[in-house]
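Undergrad: Questions regarding the structure given below will be posed in turn.
The values are calculated or read from the model by the stated rules, or taken from the named source; none is laboratory data. Predicted model, so just to flag it, every value in this text is computed and none were measured. Using ideal geometry, Cβ is built from the backbone for each residue, glycine included, and neighbour counts are taken over all protein chains shown. The area values use the complete protein model at the heavy-atom level, side chains included, leaving out ligands, DNA and RNA. Shrake-Rupley method; radii C 1.70, N 1.55, O 1.52, S 1.80 Å.
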Amino acid sequence: MKLKEAFSSSVIRQMSSAGLLMVFIMALTLETVSLIQYTFSRKGIREEAYLRAESQLEATRNRIMDVVNQTESAVRNSVWIAQWCLDVPDSLFRVAQRIVEDNPVVMGSTVAMVPGYLKSRPLYAPYVFRNEGSLEFSSLATESYDYPSKEWFSEALDKDSGYWSEPYVDIGGGNVLMTTFSMPIKDSSGNVAAILTADMSLDWLSEMVGNIKVYPNAFSMMLSRTGRIMVCPVDSFVMSKTVREAAEDLGDTAAFSGLNNAMLAGESGSMPVRYNGITNLVYFAPLERTGWSMSIVIPEDEIFGSIKRIGLIVTILQIIGLGLLILMIRFIFQYLLQFHAMTEKKERMENELSIASGIQMAMIPKIFPPFPERTDLDMSAAIVPAKEVGGDLYDFFIRDEKLFFCVGDVSGKGVPASLVMAVTRSIFRTVSARENSPGSIVSQINDAISNGNESNMFVTFFCGVLNLRNGEMLYCNAGHNAPFMLTDHIEKLPVKPNLPLGVIKGMSFEEQQFRMKDDDAIFLYTDGLTEAENISHELFGEERVERALHSRTDAFGHLHEMQEKVAEFVGEAPQSDDLTMLFIHFLDNGIRHHVEFRNNIEELPALASFVEKIAGEASLDSAKEMNLNLALEEAVTNVMMYAYPKGTQGRLKLEALIESDFIRFVLSDSGAPFDPTAVPEADTTLGVEERKIGGLGIFLVRKIMDSVEYRRSGGMNILTMTIKR
């Protein structure tokens, strides 16, 4: 009996020692895991703060640039009219009047003549401005207002592309805080005759920038090109101090020096600034052409406060859990504990594998069609891992009208391969978000994977960039299976024999080029397809793949048929390798866009953004974009003002189709029947006083567009305007 008790006591002591050791190991592991979690959580929260700030900056920048672009467009679109009116100076006020009337964002405009250009009038500057909802007219050529010495005049004389002035309060002009966009007007001899301007009030800027709220105690700031504070929470600093002067007032010049230099240099990014013992993260970005720079200042404690509180709670819970574990270990027998631990471990592994599989599948696009709004692409993809998780990957996304896509196969299977797969896909997304060259993308991924690759795993990889505007495809292969091209016939795409990723750091990967035409397709796959084995250990092979591709159908149909062929061939044999397929069908049928308006002239500024988008996608030069904007503005304005009875609401729609050689615009409305092509052309040889009102807009549309056609169908006015690219 005593022997049995001694044996039991020895077993208990051994269990206690083993239990205490287990507790120590688990405590150490938990602390290590907590530290890792805290580090990555802190990094993730910092990245989230950056993305939130970047998103707010970008959204606000876009709103500000919309106003800036509208103001610039108002001036650029009127340059030729001002040139036309140089010989009749008295009509120049109408140019300024038109700019202010047609552009709600413009508060005033002038055509300021170069001193001495007009012999009879040494100084001449008719000024039109808004005043409590109505237009008023005045002259800037006064003894108290020396306009030739103003920045908006003197600096713009040699700026053919236009000049944005430093914000100012213009006593004798607009009499409010504003900035001015100026462009020189040259006569037929190429001499600068006048400066055409558009004044933009900055009252709205403080409210727009001040309302940026990423975190409760965050605040925003905006600088001019000279470093003068345009917007900040301290009202006394606005337009009265630079950042350096404000820092001197606050008693800490060094803290803001680097930030001030970066913002004045037009850089974007983030920078920590420590002031009064508090570290703040400052995110900043420039506004093109104006010289302004915006920033968001966020206290670091506000970003990471929540994770510190969570970390404290987790630590307390860990201590409590460890204490309970000690009590449990002393009352559980060794074999039961081992069985229980094994059961828990098995369940945890199965659960983690299930979660890992879900996470892995969530990382790749799996909704098809992936771009339902596009008519130039038909895509489908499938990935079938041989185990719960696998090492195959595919990914794709569209940026700047280019389809970035890839297919890869990690050596090995299971969890290690899935981790490498996740890293490879993540690096592909990060690099291709800013890089357009497949060769450079593959090289950077290879260097990243090769760093610390102690497991000696490698990845076969194929990366492509398809220009959806012209079908030009750049691609780079890193030891992967050559894809099949489906053109007039089926053939393997020529690929260079580059090494797989992760083998040697610093490898140079050669990229290649292929031109896809309408209805061409590319089929990418991993070797799990060609090396699929049946019960007799025969391989599916490339010949069977090619035969399965002969029946042309949609992308989903191709993949479904290929999977059926493989399943039929393999039969009861277990799957030996991961299987991944990606099918891309290119349909070059042009790019379509549309925008809708109410018959309200206040909605007209949205047209400029629409035209800018079309011009960008069609690669039009600035002169053609300006003429196109002018013609469409006249056509749309004509419908807004005259298609529907006064006081009634109506709508109009403008569609754009970008094709290889031309752009077609279709303007439709359900207003009163009106054929603008039947209106006689305006006689532009007559003077302004002699010419009848109206007709000039239709004349401009006909002059700029290559063809203008009208038809009435289904109760709709349909005006089709075509311009060559």
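Undergrad: Among the residues of region 60-96, what is the count of those that are surrounded by fewer than 18 Cβ atoms within 10 Å (Cβ to Cβ) and without any contact (Cβ under 8 Å) to a residue 40 or more places away in the chain?
TA: Going through region 60-96 one residue at a time, the tally reaches 5.
Undergrad: Just checking, which of LEU474, LEU499 is open to solvent by less than 60 Å² (accessible area, probe 1.4 Å) and either farther than 25 Å from LEU529 by Cβ or of a type outside the set (Val, Ile, Thr) (or both)?
TA: LEU474
Undergrad: A further question follows. Can you list the strands (runs of 3 or more DSSP E) found entirely within region 41-147 that contain at least 1 residues being out of contact with any Cys (no Cβ under 7 Å at 6 or more places or on another chain) and acidic (Asp, Glu)?
TA: Details: elements: 108-113, 126-131, 134-139.
Once the strands (runs of 3 or more DSSP E) in region 41-147 are filtered for at least 1 residues that are out of contact with any Cys (no Cβ under 7 Å at 6 or more places or on another chain) and acidic (Asp, Glu), what remains is 134-139.
Undergrad: May I pose another question? Checking PRO416 against (1) within 16 Å of PRO385 (Cβ to Cβ); (2) surrounded by 16 or more Cβ atoms within 10 Å (Cβ to Cβ); (3) in contact (Cβ under 8 Å) with a residue 40 or more places away in the chain: exactly one of these is not met. Which one?
TA: Answer for PRO416: the failing condition is (2).
Undergrad: Just wondering, is there one or more residues in region 419-433 that are free of Cβ contacts under 8 Å to residues at least 24 places away in the same chain, of a type in the set (Val, Ile, Thr) and surrounded by fewer than 16 Cβ atoms within 10 Å (Cβ to Cβ)?
TA: yes
Undergrad: Right, another one. I'd like to verify a number: residues in region 402-431 that are on the phi > 0 side of the Ramachandran plot and part of a loop (DSSP other than H, G, I, E, B), how many?
TA: So the answer is 1.
Conditions (1) open to solvent by 50 Å² or more (accessible area, probe 1.4 Å); (2) over 30 Å from TYR283 (Cα atoms); (3) small (Gly, Ala, Ser); (4) at pLDDT below 70, marked per residue:
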{"residue": "LEU3", "(1), (2), (3), (4)": "yes, yes, no, yes"}
{"residue": "GLN14", "(1), (2), (3), (4)": "yes, yes, no, yes"}
{"residue": "LEU28", "(1), (2), (3), (4)": "yes, yes, no, no"}
{"residue": "GLU58", "(1), (2), (3), (4)": "yes, no, no, no"}
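Yes/no matrix, rows are residues, columns are (1) over 36 Å from the mean Cα position of the chain (by Cα); (2) more than 30 Å from ARG725 (Cβ to Cβ); (3) of a type in the set (Asp, Glu); (4) at pLDDT below 90:
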| site | (1), (2), (3), (4) |
| --- | --- |
| GLY471 | no, no, no, yes |
| PHE484 | no, yes, no, no |
| THR530 | yes, yes, no, no |
| GLU572 | yes, yes, yes, yes |
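Undergrad: Applying the selection to region 384-401, what residues are modelled with pLDDT of 80 or more and either assigned to a strand (DSSP E or B) or surrounded by fewer than 17 Cβ atoms within 10 Å (Cβ to Cβ) (or both)?
TA: VAL384, ASP392, LEU393, TYR394, ASP395, PHE396, PHE397, ILE398, ARG399, ASP400, GLU401, listed by residue number.
Undergrad: Name the one entry in LEU667, LEU607 that is within 28 Å of the chain's Cα centre (by Cα) and under 23 Å from ASP706 (Cα atoms). Let's see the steps before the verdict.
TA: Details: LEU667 fails: within 28 Å of the chain's Cα centre (by Cα).
Just one listed residue meets the conditions, LEU607.
Undergrad: Related question: Quick one: is ALA381 in contact with a strand residue (DSSP E or B) (Cβ under 7 Å, 6 or more places away or on another chain), touching a residue at least 24 places away in the same chain (Cβ under 8 Å), outside any strand (DSSP E or B) and aliphatic (A, V, I, L, M)?
TA: Criteria not met by ALA381.
Undergrad: Within region 173-200, track down each residue that is in a loop (DSSP other than H, G, I, E, B), open to solvent by 40 Å² or more (accessible area, probe 1.4 Å) and farther than 15 Å from LYS159 by Cα.
TA: ASN175, VAL176, SER188, SER189
Undergrad: Which numbered condition trips up GLY116, out of (1) open to solvent by less than 70 Å² (accessible area, probe 1.4 Å); (2) at negative phi; (3) free of Cβ contacts under 8 Å to residues at least 40 places away in the same chain?
TA: In the conditions (1) open to solvent by less than 70 Å² (accessible area, probe 1.4 Å); (2) at negative phi; (3) free of Cβ contacts under 8 Å to residues at least 40 places away in the same chain, GLY116 misses (2) alone.
Undergrad: Considering only region 434-454, how many residues are open to solvent by 60 Å² or more (accessible area, probe 1.4 Å), under 25 Å from the mean Cα position of the chain (by Cα) and in contact (Cβ under 8 Å) with a residue 24 or more places away in the chain?
TA: So the answer is 1.
Undergrad: Restricting attention to region 206-225, which residues are modelled with pLDDT of 75 or more and touching a strand residue (DSSP E or B) at 6+ places or on another chain (Cβ under 7 Å)?
TA: Those that are modelled with pLDDT of 75 or more and touching a strand residue (DSSP E or B) at 6+ places or on another chain (Cβ under 7 Å): ALA218, PHE219, SER220, MET221, MET222, LEU223, SER224.
Undergrad: Hey, any hits in region 357-370 for a residue that's open to solvent by 40 Å² or more (accessible area, probe 1.4 Å), part of a helix (DSSP H, G or I) and farther than 22 Å from LEU559 by Cβ?
TA: Checked region 357-370: at least one residue is open to solvent by 40 Å² or more (accessible area, probe 1.4 Å), part of a helix (DSSP H, G or I) and farther than 22 Å from LEU559 by Cβ.
Undergrad: Which of the numbered conditions does ALA548 fail, given that it passes all the others? Conditions: (1) free of Cβ contacts under 8 Å to residues at least 60 places away in the same chain; (2) open to solvent by 70 Å² or more (accessible area, probe 1.4 Å).
TA: In the conditions (1) free of Cβ contacts under 8 Å to residues at least 60 places away in the same chain; (2) open to solvent by 70 Å² or more (accessible area, probe 1.4 Å), ALA548 misses (2) alone.
Each row is one residue, and each column tells you yes or no for (1) open to solvent by less than 70 Å² (accessible area, probe 1.4 Å); (2) on the phi > 0 side of the Ramachandran plot; (3) modelled with pLDDT under 80; (4) touching a Gly at 6+ places or on another chain (Cβ under 8 Å).
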residue: ARG244; (1), (2), (3), (4): no, no, yes, yes
residue: ALA247; (1), (2), (3), (4): yes, no, yes, no
residue: LEU250; (1), (2), (3), (4): no, no, yes, no
residue: ALA254; (1), (2), (3), (4): no, no, yes, no
residue: LEU259; (1), (2), (3), (4): yes, no, yes, no
residue: GLY269; (1), (2), (3), (4): yes, yes, no, no
residue: GLY277; (1), (2), (3), (4): yes, yes, yes, no
residue: ASN280; (1), (2), (3), (4): yes, no, yes, no
residue: TYR283; (1), (2), (3), (4): yes, no, no, yes
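Undergrad: Tell me which residues, restricted to region 603-653, are open to solvent by 50 Å² or more (accessible area, probe 1.4 Å) and under 19 Å from ILE718 (Cα atoms).
TA: MET641, TYR642, PRO645, GLN649, ARG651, LYS653
Undergrad: Here are some conditions: (1) on the phi < 0 side of the Ramachandran plot; (2) touching a strand residue (DSSP E or B) at 6+ places or on another chain (Cβ under 8 Å); (3) at pLDDT below 90; (4) open to solvent by less than 70 Å² (accessible area, probe 1.4 Å). ARG592 meets all but one. Which one does it not meet?
TA: (4)
Undergrad: Just to check your reading of the model, which residue among VAL114, VAL100, VAL105 is among the β-branched types (Val, Ile, Thr) and modelled with pLDDT under 90?
TA: VAL105
Undergrad: Ok, one more. Mind listing just one residue for me: the one in region 693-723 that is part of a loop (DSSP other than H, G, I, E, B) and open to solvent by less than 50 Å² (accessible area, probe 1.4 Å) and, of those, modelled with the lowest pLDDT?
TA: Taking the candidates together, the pick is GLY695.
Undergrad: With the requirement that a residue be surrounded by 18 or more Cβ atoms within 10 Å (Cβ to Cβ), modelled with pLDDT of 85 or more and either out of contact with any Leu (no Cβ under 9 Å at 6 or more places or on another chain) or closer than 10 Å to LEU466 by Cβ (or both), what does region 403-413 give you?
TA: LEU403, PHE404, PHE405
Undergrad: Could you tell me whether ASP203 is within 26 Å of MET239 (Cα to Cα), open to solvent by 50 Å² or more (accessible area, probe 1.4 Å) and acidic (Asp, Glu)?
TA: Details: within 26 Å of MET239 (Cα to Cα): yes; open to solvent by 50 Å² or more (accessible area, probe 1.4 Å): yes; acidic (Asp, Glu): yes.
Yes.
Undergrad: While we're looking at this one, here's another question. I'd like to verify a number: residues in region 227-249 that are in contact (Cβ under 8 Å) with a residue 40 or more places away in the chain and in a loop (DSSP other than H, G, I, E, B), how many?
TA: Looking only at that region, the number is 1.
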